[in-house]
Amino acid sequence: MSHRVIEPARTTPNPAVRPNLHVASGNWAERRVQARQLVDWEDWRERARAIRADAITNLPELLERLEAQLVALGGYVHHAATAEEANARIAAICAQRGATLAVKAKSMTSEETGLNAALEAAGITAVETDLGEYVVQALGDRPSHILAPAVHLSAADVAALFSRLSGRAFDPADTRALVDYARGALRDRFLAAEVGITGVNLAIAETGTLVLVESEGNIRLSTSMPPVHIALMGIEKVIRDWAGAAHLVQMLPLASQGTLAAGSTSFITGPARDGDDGPRELHLVLLDDGRSALRGGPLEEALHCIRCGACLYACPVYRQIGGHGYGSAYSGPIGAVITPALEGGTPASDALPELSSLCGACTEACPVKIPLDDQLVTLRAMARERDPRRAEAALFATWARLWSRSGGYRATGAAGSGALARLWGRAVHGSDDGWVPRAPFPFARWTEDRDVRTPAPEPFHARWKARRDA
Amino acid sequence: MPVQLFVTCLVDLVYPEVGERTVALLERLGCEVAFPAGQTCCGQPAWNTGYPQEARRVATRFLDVFAATEGPIVAPFGSCLHMVRHHYPALFAEDPARLEQARAIADRAFDLPSFIVDQLGREQVGGTYPGPGDTAVAYHHECHLVRGLGVREQPLALLRGVAGCTVVEPERGELCCGFGGTFSLKLPAIAAAMADEKLDRALAAGAGAIVSTDVGCLMHMEGRARRRGLDLRVHHLVDLLEPDGRL
């Protein structure tokens, strides 16, 4: 297992998270209808795709410009080839300032690198300040959705946690009291923290501006109260200019929640200048860790992702197994694509593309038109090349040999002597209505949860021939 | 109009009566149906499971068989059409001659509902529900037809012309049922849970039957409904387009 893959993926539904996810994804589906009424959705998607495609095509040039602009503004830019390098660099910046407390605003990239554990090992306490992340961290849990980290938990779970932390009783129905408690607990940390750590939604190359989108205000506080701001960003998040940013900061909330604006959007252009409030020190840590290797290859479009979380809510498999079911930092269809893509093929991450019925709901939901279902198929083929499954490969080889010839195909279905008839044996005639409770190899798993229709005693080919000869 | 029937492997081997009803329907609509007997499968099972070379062998057979024919190619199974129209260009990307052939065939290939509605210009073709009168019917949107090929209204239009049933629309009607080809053999418990959601939403909408155009979805949903002992009938759309309501 690597930092990105935490545990094996589930192979069964998780009934505990299903009710929450069904509500959340149902709400999302309604907001999506609303989003379609606000704008010309297909035109907006195409523009968003073009902005991201430009960024990835011209990535080295844009990163260079971003760095030059940020340095000219007095910021620091760090390059991390791996997660370990990024974590070590961030820990070193904290250590140089003698910092022991950092406030963190939600960052999936830091989940990907396992930053919190690395900081803890270096003697630095990192406190999550997004409400959902705060809850998840206090429970020793991990986020289960890119944007809604605690979507698998209920208000009752949160009330129980806060009662335990505070020693006073909370009513799950009184969400105001729950929020107030978290706000009070976090306020002291914002005041005391020596460092604020955030992710980055977009970085605008032309002016060196970091764009951060949020709904709670904790990013504003994390980037304005502590004297040092460290932003961790995957290199693919850069875009060319403000025109592109103006589109994407609307497209992101539109895709995730059906509105044209997030609660707050921060545009941070360099550290605080004389007379300004805010951090005097701004660090941008640029993480590669497998990203540049995807450029120019069949999975390049996965780098277009803006982490809106729409494909998770759209996915019928995500609804059944939840974000933790993927066993990786990134979940849902995009997680099933970028995890094995960035890992470059490990047995654990190669299992993720199987978690899809290829229904295409992810691709339909994606605001930047990533062909997620096609990429899942591409990744399955890559996985087979890396780690052949002998029995399955042999079955498909036999299948291809037989079914690439009409004689071989017709022999499969022929009554009595055909391959299917031999496999199914008496089952073909074992029921009056053509349905049986048990299927033979290689279809046996079908009937673990379902009955199955047996092959027809007389296939269409034979019926057609009989009709023609009649 | 001459029409080439692409019956598809699952219809041929497991649901041959769907093929026969498709022929009967097309003939009733004035088509002259031919059945190229050398046809096998589109190759999708291997492609979706990660075996593009094996898929290409079988898909090459498909191209050879249908390149030798003329006129529209019609299939009662949207997913196979999606394979031909959407995935063949990727499958044959490195073979310019085959790619050209695949594109030409894709342009001739139609799923049954959009062929009837868009090509024959028939929004309704009649039909009688083959069961208890006044059954509420939920249409299941086959993923590869609705999202893959953008065919949403055509099957519903045909369904609305059927006597003896009313069309109900369950919530989230475009959610996948969980069939997904080999997905439902590899992760059967997740696939069954997805079917349950679909079946429960149909029942909640008052449906007595589910209708679709993908016999994979049909076998999956009916197999699950039977295992659970649900009072829910499952039909291919062509079952309802028979004029006399007999099955």
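Got a number for residues in segment A:448-467 being more than 8 Å from chain B (Cβ to nearest Cβ) and without any contact (Cβ under 8 Å) to a residue 12 or more places away in the chain?
2
For B:V84, work out the one condition from (1) at the interface with chain A (Cβ under 10 Å from one of its Cβ atoms); (2) over 27 Å from A:R467 (Cα atoms) it doesn't fulfil.
(1)
Each row is one residue, and each column tells you yes or no for (1) modelled with pLDDT of 95 or more; (2) not β-branched (V, I, T).
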{"position": "B:R98", "(1), (2)": "yes, yes"}
{"position": "B:R103", "(1), (2)": "yes, yes"}
{"position": "B:F110", "(1), (2)": "yes, yes"}
{"position": "B:G126", "(1), (2)": "no, yes"}
{"position": "B:R147", "(1), (2)": "yes, yes"}
{"position": "B:V167", "(1), (2)": "yes, no"}
{"position": "B:G178", "(1), (2)": "yes, yes"}
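Within segment B:163-182, which residues are within 14 Å of chain A (Cβ to nearest Cβ), buried (at least 24 other Cβ atoms within 10 Å of the Cβ) and either among the β-branched types (V, I, T) or not in a loop (DSSP other than H, G, I, E, B) (or both)?
Matches in segment B:163-182: none.
From the list A:V127, A:V33, pick out the single residue that is away from chain B (no Cβ under 14 Å) and of a type in the set (A, V, I, L, M, F, W, C).
Criteria check complete, one pass: A:V127.
Conditions tested, residue by residue: (1) more than 26 Å from A:N218 (Cα to Cα); (2) touching a Gly at 6+ places or on another chain (Cβ under 6 Å); (3) at pLDDT 95 or above.
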| residue | (1), (2), (3) |
| --- | --- |
| A:A262 | no, no, no |
| A:T269 | no, no, yes |
| A:R273 | no, no, no |
| A:G278 | no, no, no |
| A:E281 | no, no, yes |
| A:V285 | no, no, yes |
| A:D289 | yes, no, yes |
| A:G296 | yes, no, yes |
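I need a count of the residues in segment A:341-379 that are in a helix (DSSP H, G or I) and either without any contact (Cβ under 8 Å) to a residue 12 or more places away in the chain or under 18 Å from the mean Cα position of the chain (by Cα) (or both). Outline the logic, then answer.
Let us first name the residues in segment A:341-379 that are in a helix (DSSP H, G or I), namely A:341-343, A:347-350, A:352-354, A:361-365, A:372-379.
When the remaining residues are screened for being either without any contact (Cβ under 8 Å) to a residue 12 or more places away in the chain or under 18 Å from the mean Cα position of the chain (by Cα) (or both), the result is A:341-343, A:348-350, A:352-354, A:361-365, A:372-379.
The total comes to 22.
Quick one: would you say A:S406 is of a type in the set (S, T, N, Q), buried (at least 17 other Cβ atoms within 10 Å of the Cβ) and over 41 Å from the mean Cα position of the chain (by Cα)?
yes
Is it the case, given these coordinates, that B:A205 is surrounded by fewer than 23 Cβ atoms within 10 Å (Cβ to Cβ), modelled with pLDDT of 95 or more and not aromatic (F, W, Y)?
For B:A205, the condition - surrounded by fewer than 23 Cβ atoms within 10 Å (Cβ to Cβ), modelled with pLDDT of 95 or more and not aromatic (F, W, Y) - is met.
Any residue in segment B:21-36 that is within 30 Å of A:D373 (Cα to Cα), under 17 Å from the mean Cα position of the chain (by Cα) and small (G, A, S)?
no
Which one is surrounded by the most Cβ atoms within 10 Å (Cβ to Cβ) among residues in segment B:2-58 that are more than 9 Å from chain A (Cβ to nearest Cβ) and farther than 23 Å from B:L159 by Cβ?
Among them, the one singled out is B:C42.
Just one of (1) more than 9 Å from chain B (Cβ to nearest Cβ); (2) modelled with pLDDT of 95 or more trips up A:A415, so point out which.
All conditions pass for A:A415, except number (2).
Check every one of the helices (runs of 4 or more DSSP H) wholly within segment A:41-147 and list those with 2 or more residues that are hydroxyl-bearing (S, T, Y).
Output list reads A:108-113.
I'm trying to understand the selection: among the residues of segment A:389-404, which are in a helix (DSSP H, G or I) and at the interface with chain B (Cβ under 9 Å from one of its Cβ atoms)? Before the answer, list the steps.
First, pick out the residues of segment A:389-404 that are in a helix (DSSP H, G or I): A:390-403.
Hits for segment A:389-404 are A:E392, A:A393, A:F396, A:A397, A:W399, A:A400, A:R401, A:L402, A:W403.
When you scan segment B:220-233, do you find a residue that is within 13 Å of chain A (Cβ to nearest Cβ) and in contact (Cβ under 8 Å) with a residue 60 or more places away in the chain, even just one?
Looking for residues that are within 13 Å of chain A (Cβ to nearest Cβ) and in contact (Cβ under 8 Å) with a residue 60 or more places away in the chain, one finds at least one in segment B:220-233, hence yes.
Looking at segment B:104-117, which of its residues are closer than 30 Å to B:T60 by Cβ and surrounded by 14 or more Cβ atoms within 10 Å (Cβ to Cβ)?
Of everything in segment B:104-117, those that are closer than 30 Å to B:T60 by Cβ and surrounded by 14 or more Cβ atoms within 10 Å (Cβ to Cβ) turn out to be B:I105, B:A106, B:R108, B:A109, B:F110, B:D111, B:L112, B:P113, B:S114, B:F115, B:I116.
Condition first: part of a helix (DSSP H, G or I) and either out of contact with any Pro (no Cβ under 9 Å at 6 or more places or on another chain) or at positive phi (or both). Now tell me which residues in segment B:136-145 satisfy that.
B:C143, B:H144
In the set B:I190, B:I210, which member is buried (at least 18 other Cβ atoms within 10 Å of the Cβ), at pLDDT 95 or above, away from chain A (no Cβ under 14 Å) and not in a loop (DSSP other than H, G, I, E, B)?
So the residue among B:I190, B:I210 that is buried (at least 18 other Cβ atoms within 10 Å of the Cβ), at pLDDT 95 or above, away from chain A (no Cβ under 14 Å) and not in a loop (DSSP other than H, G, I, E, B) is B:I210.
Name every residue in segment A:300-313 that is under 20 Å from A:A262 (Cα atoms) and either surrounded by 24 or more Cβ atoms within 10 Å (Cβ to Cβ) or within 14 Å of chain B (Cβ to nearest Cβ) (or both), in order of residue number.
Across segment A:300-313, the qualifying residues are A:I306, A:C308, A:G309, A:A310, A:C311, A:L312, A:Y313.
Determine which single condition A:R389 fails, assuming it passes every other condition in (1) modelled with pLDDT of 95 or more; (2) more than 25 Å from A:M251 (Cα to Cα).
(1)
In this structure, does B:L230 turn out to be within 28 Å of B:T22 (Cβ to Cβ) and outside any helix (DSSP H, G or I)?
In short, yes.
Taking the criterion of being among the aliphatic types (A, V, I, L, M), touching a strand residue (DSSP E or B) at 6+ places or on another chain (Cβ under 9 Å) and not assigned by TED's automatic domain parsing to the domain that holds A:N116, would at least one residue in segment A:289-305 satisfy it? First the steps, then the outcome.
First, the residues of segment A:289-305 that are among the aliphatic types (A, V, I, L, M): A:293-294, A:299, A:302-303.
Checking which are touching a strand residue (DSSP E or B) at 6+ places or on another chain (Cβ under 9 Å) leaves us with A:303.
From the residues that got through so far, the ones that are not assigned by TED's automatic domain parsing to the domain that holds A:N116 too are A:303.
Checked segment A:289-305: at least one residue is among the aliphatic types (A, V, I, L, M), touching a strand residue (DSSP E or B) at 6+ places or on another chain (Cβ under 9 Å) and not assigned by TED's automatic domain parsing to the domain that holds A:N116.
Within segment B:16-40, how many residues are free of Cβ contacts under 8 Å to residues at least 24 places away in the same chain and among the hydrophobic types (A, V, I, L, M, F, W, C)?
2
Which of the residues spanning segment B:112-124 are modelled with pLDDT of 95 or more and in contact with a Leu (Cβ under 9 Å, 6 or more places away or on another chain)?
Selection gives B:L112, B:P113, B:S114, B:F115, B:I116, B:V117, B:L120, B:R122.
Please enumerate the residues belonging to segment B:63-77 that are within 12 Å of another protein chain (Cβ to nearest Cβ), in a helix (DSSP H, G or I) and in contact with a helix residue (DSSP H, G or I) (Cβ under 7 Å, 6 or more places away or on another chain).
Listed by number, the list holds a single entry, B:L63.
The values are calculated or read from the model by the stated rules, or taken from the named source; none is laboratory data. Every value quoted in this text rests on a predicted model; they were computed, and no experiment measured them. When we count neighbours, we look across all protein chains shown, and the Cβ atoms used for this are built from the backbone with ideal geometry, even at glycine.
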